[in-house]
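Take a look at the structure below.
What follows is calculated from the coordinates using simple rules that are stated; it is not laboratory data. No experiment lies behind these values; they were computed from the predicted model shown. Glycine also receives a Cβ, built like all others from the backbone with ideal geometry; neighbour counts cover every protein chain displayed.
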Amino acid sequence: MSGVTYHKSIRDLQPPGITTAESQEFYNGWAPNFDKDNVEANYNGPRMTAERALELFEGKTDVRILDVAAGTGGVGEQLHKLGFRSMDALEPNENMLAVARGKNIYGRLIQDFLGTNRLDIEDGNYDAVVMSGGFLEGNVKCDCLEELIRVVKPGGFVVITMREHNIRTVPEYRNLEPRMAALQSEGRWEQVSRVIFPNYIEGEEGITYTYRVC
Ligand SMILES: C[S@@+](CC[C@H](N)C(=O)[O-])C[C@H]1O[C@@H](n2cnc3c(N)ncnc32)[C@H](O)[C@@H]1O
């Protein structure tokens with residue numbers, strides 16, 4: 001017995017091999033219930049990610065943060081609770097973004113996919129980018145790391161939180177740590193920490209990567 005209780009919507013969202021289009025279609029219908037279902041699934045990624053940001057800035061909250069794969073704004077809400085006030089959101093799904101908009105916590109709401117495409121954001125615009133729950137089947141791919149780095153100012157941070165076992169069980173993410181390491185070898189960023197923690201979601205472990213942009 002693993003003791004893990006799996007939530008139906010969260011299972012249905014990520015069958016192996018789900019495409020981006022299928023996943024986006026799922027979010028279209030799920031958006032109104034996303035927050036409620038994630039409370040039921042005991043999803044702690046947004047809180048862990050926001051607390052990591054506060055720690056990195058040593059309690060200073062007058063910094064600019066981009067929340068990528070923002071969904072309904074869970075990370076933004078947690079950042080707001082901790083005193084951050086300058087957050088933008090990047091999210092491709094209109095219905096998810098509509099819920100995030102209703103929370104009135106973000107400045108810019110940018111409707112776009114993160115990937116190899118250039119976002120409508122200037123170089124070095126943010127002190128940090130944060131992403132919780134973006135790396136799962138059919139969602140953000142490993143090819144996005146360069147674009148995350150581009151929009152963060154030198155010395156700023158990239159904070160990524162995800163389900164720990166996805167780095168082994170989802171074929172796309174087996175390539176994640178090698179890509180992160182390659183970017184470090186190229187002098188693009190350096191790892192500050194790699195922390196595995198309990199109770200990310202549904203009682204399973206999460207992992208938070210923190211990188212400082214060079
Ligand atoms: C599981 S939700 C997580 C939402 C939020 N970060 C949270 O923790 O509650 C993943 C979100 O990533 C978005 N997403 C999927 N592919 C994306 C991409 N390529 N770029 C940016 N966001 C993407 C989805 O539309 C969805 O809203």
Is it the case that Thr72 is part of a loop (DSSP other than H, G, I, E, B) and polar (S, T, N, Q)?
yes
Being in contact with a helix residue (DSSP H, G or I) (Cβ under 6 Å, 6 or more places away or on another chain) and assigned to a strand (DSSP E or B) is the filter; apply it to segment 129-186 and report the residue that is nearest to Phe57 (Cα to Cα).
Phe157
Name the residues in segment 85-110 that are more than 10 Å from the ligand (Cβ to nearest atom) and part of a loop (DSSP other than H, G, I, E, B), would you?
Arg85, Lys103, Asn104, Ile105, Tyr106, Gly107, Arg108
Quick check on Lys103: is it within 22 Å of Tyr27 (Cα to Cα), in contact (Cβ under 8 Å) with a residue 12 or more places away in the chain and among the charged types (D, E, K, R)?
yes
Matching residues, segment 40-60, being under 19 Å from the mean Cα position of the chain (by Cα) and either in a strand (DSSP E or B) or more than 11 Å from the ligand (Cβ to nearest atom) (or both)
Asn42, Glu51, Arg52, Ala53, Leu54, Glu55, Leu56, Phe57
The one condition Pro198 fails out of (1) in contact (Cβ under 8 Å) with a residue 60 or more places away in the chain; (2) closer than 18 Å to Thr49 by Cα is (1)
